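Quick notes on the structure that follows.
None of the figures in this text is laboratory data; all of them are computed from the coordinates on show. Note that the structure is a prediction, hence the values are computed from the model and not measured.
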Amino acid sequence: MVAEQNGFEAAPNGQGGGAGQGDGAGQGGDAGQGGEVIIKADNVSFFYGQFQALKNISVDIMADEVTAFIGPSGCGKSTFLKLLNRMHDFVPGTRLAGEIQIRGTSIYGPEADPVDIRRRVGMVFQRPNPFPKSIYDNICYGPRLVGVNRKADLDQVVERALKAAALWDDVKDKLGKSALDLSGGQQQRVCIARALALEPEILLMDEPTSALDPIATSKVEDWIRGAGMSIVIVTHNMQQAARISDRTAFFYMGQLIEFGPTLELFTSPKEERTENYITGRFG
Amino acid sequence: MFLLGYSKEARKRRDQLATGVIVALAGFILLVLASLLIYICVQGISAINWEFLSQFPRESMTKGGILPAIVGTLYLALGSMVISIPLGFGAAIYLSEYAKQGPLVSVIRLGVANLAGVPSVVFGLFGLSLFVTTFGFGRSLLSGCLTLGLLTLPTVTAAAEEALRQTPGSFREAALALGANRFQAIRQVILPAALPGMLTGAILALGRAAGETAPISLTSATAYSPSLPDSPFNEAMALTTHIYNLATNGANIAGTRPQQFGTSLVLMAIVLGLSLAAVILRARLRRSRKW
Ligand SMILES: Nc1ncnc2c1ncn2[C@@H]1O[C@H](COP(=O)(O)OP(=O)(O)OP(=O)(O)O)[C@@H](O)[C@H]1O
Ligand SMILES: [Mg+2]
């Protein structure tokens, strides 16, 4: 079967200064225990050639929570997100300083295997990008890469992934049809299912609803709220961040300005720049 | 109000004028094309019968059929694709997927584009000196295929690269994010998406290879052959050179006009058939892709 290393064991080690968990942002908090840090960024700077896109970012992202990245266009949200599954490896001329760990292991260290990291950290993109293949083959793409080839296993993976992405009932009768024939919202959920098929520990989502209409958006949002897994989502929509995230990070010009529980950040921001942004004074 | 109405009138008139000009031009081109086709048909149809398509030439090519020329042309056209498709697709994949985009790649791309404009007789001369003489392949199908392969290589490469560049980068990203390596992303996702477009270019190049005269008359063509080629090292007849020979130094130039046009008709049918296949492939591609 697909890597079964998904056991969310609640690590007992005390974490540093995690702010109050029960901020009750209408969350399906089925994993409510005091958080375990799943991603730890320490003093991360990132360069495209000469241009420094990220400046000294340190952040602890909690397991089983939804973390939102907000900030004006060009502030580095996507850049930071892509660092978390090593998608910058393919961009020539980029450079990273600092350290990023997932569950305590450096993902840029000499031991790290980028392909393995990308399997453990799934990604959903801004525009739905299903392959021009059948729904079934889309979902199976990742599992097949790791050598799952038996029909029975794949059937099971497809069903589980589509159910997890709340799409099974919509498409169970047309798995052989091209994924491109689906609506935008359905396509995006195929992409979610495709990422989930590898049973990732973390799901990264870069503005996953910005190309979708309101109904499709709310379906994807519902899914995120109920997913009960570690999700990092970039969004331009502050209501969306408020609706679905447990914690929010505000980026501005390559810096992480403020990071805290979503409710706190939106109701009583500590930084003036955060307040200006969320009240719409710039951005 | 008045101005508005006036400009609307004027715009409408200008629009009608432009449409008229375009329709007239298109009509003119169609007319020329149609008359050419009709002329060749009228002149050649009388020569076409089963014997013409299935027999060897007889009596100094004034009688009999053109079977060896048809077979030779098919061998040459398909053989040249065996050379240019792997090389061209490979070069296109390298240029669009692997090469570091920069001045060097731009120069290569420009070079490829210009190579497509080199007159075919120059390729013929090149093939004559390289394949026929230096490599010692002699005047043979092999030399002809290699020469035509080089001749069509730029077209195949450019079309394939264009098709590859048109597949959205988001496919690549998605595959990589799912743990594919670069090669897997290309082979499993990008190539299948680009393949119809790449093949369209190859089919057009195939038509061009079938229609060439100078390169094969320098490297592989023979005026008359009593048997079908059974080895790549045989010389072979071809439709284009057959037409040329009948019309310039045949035993009965005027008397074989129907054969000349009949052979042209067969050649055109082959080339048009290939182009039609390309058009259908492209249409199907357009319908099936929505990204
Ligand atoms: N491949 C690249 N090469 C050079 N500079 C880049 C590249 N990608 C992004 N940048 C620059 O890095 C900065 C951060 O970009 P990034 O895409 O992370 O912003 P973002 O916060 O995601 O913005 P948006 O909300 O518009 O998506 C921008 O100034 C951008 O111009
Ligand atoms: Mg972005």
| request: In whole Å, largest first, what are the principal axis extents of the Cα atoms in region B:9-147? | output: 71, 57, 24
| request: Just list whichever of A:LYS133/A:LYS177; A:LYS40/A:LYS82; A:LYS133/A:LYS163; A:LYS82/A:LYS270; A:LYS151/A:LYS172; A:LYS55/B:LYS100 have alpha carbons separated by over 18 Å in the model shown. | output: A:LYS133/A:LYS163; A:LYS82/A:LYS270; A:LYS55/B:LYS100
| note | Yeah, region A:129-180 with a ≥ b ≥ c from its alpha-carbon gyration tensor (a/c under 1.5 is rounded, else prolate when a/b outruns b/c, oblate otherwise) is oblate
| note | Across the alpha-carbon set of chain A, Rg over Rh with Rh taken as the Kirkwood radius works out to 0.95
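Sum -39500 (n - 2.57) across every DSSP H segment of at least 4 residues in the protein assembly as shown, then divide by the residue count to get the 222 nm mean residue ellipticity, nearest 500.
So the helix-based figure for the protein assembly as shown works out to -16500 deg cm²/dmol.
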| query | Can you give the three extents of the C-alpha atoms in the protein assembly as shown along their principal axes, from longest to shortest, in whole Å? | reply | 102, 74, 51
| message | Past the 19 angstrom mark, what percentage of all C-alpha to C-alpha distances in region A:173-283 do you count? | response | 51 percent
| query | Percent antiparallel among DSSP beta bridges with both residues in chain A, to the nearest 5? | reply | 60 percent
| message | Using alpha carbons only, how many angstrom separate the centre of region A:54-102 from the centre of region B:19-34? | response | 58 Å
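Using the 2.2 N^0.38 Å rule of thumb for compact globular proteins, work out how region B:119-214 stacks up: its C-alpha Rg over that value, please.
1.44
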| query | What number, in percent, do you get for the relative contact order of chain A if the mean sequence gap of Cα pairs under 8 Å and at least 6 apart is divided by its residue count? | reply | 27 percent
| Relative contact order for region B:156-210: what is it in percent, counting Cα pairs under 8 Å that are at least 6 residues apart? | 54 percent
| Span per principal axis, largest first, for the Cα atoms of region B:65-288 (Å) | 69, 41, 30
| remark: Note on region B:65-288: contact order normalised by length, alpha-carbon pairs under 8 Å, 6 or more apart, percent, works out to 29 percent
